[in-house]
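First the structure, in the form of structure tokens, and then the observations on it.
The values are calculated or read from the model by the stated rules, or taken from the named source; none is laboratory data. Source: prediction; values computed, not measured. Virtual Cβ from ideal backbone geometry, glycine too; neighbours counted across all protein chains shown.
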Amino acid sequence: MSFAFDVSFPRHSTTFDDCNVLLIEDSRSIASFLAHRLRTELGTAVTHCASTRAVRKAIAAPGRKFDVAIVDLNLPDSPNGEVLDMAVELGIPAIVFTATFNLDMRERIVEKGVSDYIIKDNDRALDMVVASVGRVLSNRFVRILVVDDAASARQHLVDLLTLQQFNVVQATTGTQALQMLEQHSDISLVITDYSMPDMDGYELTRRIRRHYDSNQLRVIGISSSSDRLLSASFLKAGACDFVYRPYVAEELQCRINHNIETLSQIGQLRAAAFNDYLTGLYNRRYFFERGPVQIDKCLGRHEPCSVAMLDIDHFKKLNDTYGHEGGDKVLKAVAAKLKPLMADQACLLGRLGGEEFGLLLPGHDSAQAAILCETLRQSLSEMKVAINDKEVSITVSFGVAEVRGRENFDNYLNAADQFLYLAKRYGRNQVYSDRSILDDPASRAVGSAVGS
């Protein structure tokens, strides 16, 4: 069994423009400050209600949907937290934000199934609320695998994770867990029990670590065993954390959140390392790291694969005329145009340097790749870039080479670069490939000279 796991980038946006927060708070100053921070830091829409009556009106509005609610328990017309029951009954993830707190209240809040609770008497209270809202909204994009053969214990974990809005999948054996990992490449965290019928939890952890490192996939072990050395065995096998049953739900939530946050931070660092700072596309380093891996997969599956090079025509003249700032605008505009056009293609797209872009096209022979590149060329030729109050048109040239066997990755790019040279030699604003040479007798001699 083999697994393929691409480099981990953030799995979601840091803004939530399509999300609506229901802010239930009778303090105008707190509500105003919180609403401002939620809008500016997370990008959410905020609906503020200062009473239970206002909440009823807000949730009854046609087409209104709330993704999370921040709930003050002590409203004038809801002295016993009735407004929280309304949010929970409607299935809105609730974050309790209250000044009144004791152990009895904590138990009642937890029993209602809230996502989090935060006490106002804290210097970082507002920071914690904003962070909690961001976490609840982000968790929708995080998939967690729960592995346990005991149905009740597994369901308890699933319910806990679902409250936090995680996307949860389940497995009852180690073998099934490995199959789930193969089916769902976006699993971020595995929570596995120790005792299972086919393999124990740290054997599963060892097998996971053969294919995924901790920067890609986190593992938390869990067990009701009284063996205090079990945690060390799990950690040595490659787990990132371990929890003994019976566990405190809040502690487990914190450990899960810390592991997910670690993955997110690693993803941001890797994105900074592998993304081109100007265009947001993958950079040359990433293209050269992932390109050979994708080609090897295609060759192993006996599938076609092609490499294409894109060059912006007369880019030096653009820079000389409009300056480097104008050239940067063109580069960003080309990247912004290419991204959505390539969104449905299983390809690797990157800026290789200067005005050159690389495309790796798995599943495309040179004819198919040339057709795709021609579509891209036409779309880019229709684009206008605003520079210094002028609308500037651009054209691009493509060189396409099909991968025909195992070679050094540089050789594939060099072949595409040679066809790019021919595209520019014969007038620019066109696509050239090995098929072009066969179809155009006039270019055969030049093609032979370039290849020699």
Within region 113-167, tally of residues that are within 25 Å of residue 65 (Cα to Cα) and not aliphatic (A, V, I, L, M): 19
Checking residue 256 against (1) touching a residue at least 40 places away in the same chain (Cβ under 8 Å); (2) in contact with a helix residue (DSSP H, G or I) (Cβ under 6 Å, 6 or more places away or on another chain); (3) of a type in the set (A, V, I, L, M, F, W, C), the condition it does not meet: (2)
Enumeration of residues in region 140-162 that are touching a Ser or Thr at 6+ places or on another chain (Cβ under 6 Å) and either among the hydroxyl-bearing types (Ser, Thr, Tyr) or modelled with pLDDT under 95 (or both): none
Filtered residue count, region 356-385, keeping only those that are assigned to a loop (DSSP other than H, G, I, E, B) and either crowded, with 21+ Cβ neighbours inside 10 Å or touching a Cys at 6+ places or on another chain (Cβ under 9 Å) (or both): 3
Counted residues, region 386-422 - those being surrounded by fewer than 22 Cβ atoms within 10 Å (Cβ to Cβ), polar (S, T, N, Q) and within 33 Å of the chain's Cα centre (by Cα): 4
Candidates 280, 350, filtered to the one that is under 27 Å from the mean Cα position of the chain (by Cα), part of a strand (DSSP E or B) and either over 18 Å from residue 414 (Cα atoms) or of a type outside the set (Ser, Thr, Tyr) (or both): 350
Long-range neighbours under 8 Å by Cβ, at least six apart or interchain, first residue without any contact (Cβ under 8 Å) to a residue 12 or more places away in the chain within region 369-394, second in a strand (DSSP E or B) and loosely packed, with under 11 Cβ neighbours inside 10 Å: 384/391; 384/393
Residue in region 325-338 that is assigned to a strand (DSSP E or B) and more than 16 Å from residue 398 (Cβ to Cβ) present: no
Which numbered condition residue 242 fails, given (1) assigned to a strand (DSSP E or B); (2) under 30 Å from residue 418 (Cα atoms); (3) not polar (S, T, N, Q): (2)
Those residues of region 189-226 which are of a type in the set (A, V, I, L, M), more than 18 Å from residue 253 (Cβ to Cβ) and within 28 Å of the chain's Cα centre (by Cα), in sequence order: 204, 208, 217
Failed criterion for residue 100 (all others in (1) in contact (Cβ under 8 Å) with a residue 40 or more places away in the chain; (2) out of contact with any strand residue (DSSP E or B) (no Cβ under 6 Å at 6 or more places or on another chain) hold): (1)
Test result for residue 175, closer than 30 Å to residue 75 by Cβ, among the hydroxyl-bearing types (Ser, Thr, Tyr) and either over 19 Å from the mean Cα position of the chain (by Cα) or part of a helix (DSSP H, G or I) (or both): no
Tally, over region 231-259, of residues that are surrounded by 16 or more Cβ atoms within 10 Å (Cβ to Cβ) and among the β-branched types (Val, Ile, Thr): 2
Pairs with Cβ under 6 Å, 6+ apart, first in region 115-131 and of a type in the set (Asp, Glu), second assigned to a helix (DSSP H, G or I) and buried (at least 16 other Cβ atoms within 10 Å of the Cβ): 116/132
Any hit, region 209-223, residues being part of a helix (DSSP H, G or I) and at pLDDT 95 or above: yes
Condition check for residue 262: assigned to a helix (DSSP H, G or I) and either surrounded by fewer than 19 Cβ atoms within 10 Å (Cβ to Cβ) or of a type in the set (Val, Ile, Thr) (or both): yes
Elements of type strands (runs of 3 or more DSSP E) in region 62-170, at least 1 residues being out of contact with any His (no Cβ under 8 Å at 6 or more places or on another chain) and surrounded by fewer than 16 Cβ atoms within 10 Å (Cβ to Cβ): 116-119
Any chance residue 244 is in contact (Cβ under 8 Å) with a residue 24 or more places away in the chain and either closer than 30 Å to residue 232 by Cα or not aliphatic (A, V, I, L, M) (or both): no
Condition broken by residue 318, with the remaining ones in (1) farther than 25 Å from residue 421 by Cβ; (2) in a helix (DSSP H, G or I) satisfied: (1)
Any chance residue 290 is basic (Lys, Arg), touching a residue at least 12 places away in the same chain (Cβ under 8 Å) and in the same structural domain as residue 165 (by TED's automatic domain parsing): no
Residue check, residue 401 modelled with pLDDT of 95 or more and part of a helix (DSSP H, G or I): no
Qualifying position, being under 22 Å from residue 142 (Cα atoms), at pLDDT below 90 and not acidic (Asp, Glu), among 66, 16, 5, 101: 5
